[in-house]
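Below is one structure; the comments refer to it alone.
Values quoted throughout were computed directly from the atomic coordinates according to the rules given, and no laboratory measurement underlies them. As the structure is a computational prediction, the values presented were derived from the model and not from experiment.
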Amino acid sequence: MTNKQKYVVYGVSAVLLMLSFYFFLFKGGNNWKQQLPVMGYVQPFSFVNQDGQAVTQDFTKGKTYVANYFFATCTGICPTMNGNMKTVHEQYAADSGFVMLSHTCQPEIDSVPLLRHYADSVGANTNTWQFVTGNKLELYKMARESYHIDDPKNNVGDINDQFLHSQFIALVDGQGRLRGIYDGLKKKEVAALKEDIANLLKENENGTFGDWLFGTAKK
């Protein structure tokens, strides 16, 4: 074999080796695509749902989920936002890896029975879409420090005098990481949310770049 032939063989072998390496890293997933940024981490929580049952991070563990804030008697932004939330709910209702959490921002009024009535009024399957209440300070702290859908600077004065009224929806992955924030009143952003949910569900199912690199991806 001549030197020229050897160089050709070596070159082809190198290309094949490189292609095999990248296939191993990215096989079965969407890792070649740009991943959503990690914007923060959701802290442990404990609230009460529309059935009077405790809801903790166990409800969302290992699942992609969205979170928002509303109050049951709202006639402003809430009907539009939760109407858009319902379209998300309907699109992913059959996916066991997805759930939703709607938090009241008016716990002093939104009792458990009122939340149950509200859930029924929007046609929610509460196995996967829960409506929660609890301590006002903890509810607002979650919005500001975990979901980043309200400016922490609004945390001034007595908690009883504060009122959180946000149209934003937070997207969280199966590892409890905040991956996106969307305006729940804008159809274009809700459409983007739906697409990003699909990508996170695939990411959770197939694993990330690091999972494949270190052999910890799901089989």
Problem - Partner aspartates and glutamates for LYS141 [C-alpha distance under 12 Å; skip if fewer than 8 residues away on the same chain] - result: ASP150, ASP151
Practice task
For the stretch 75-171, go through all pairs of different Cα atoms, get the mean of 1/r, take its inverse, and jot down that Kirkwood value in Å.
Solution key: 14.3
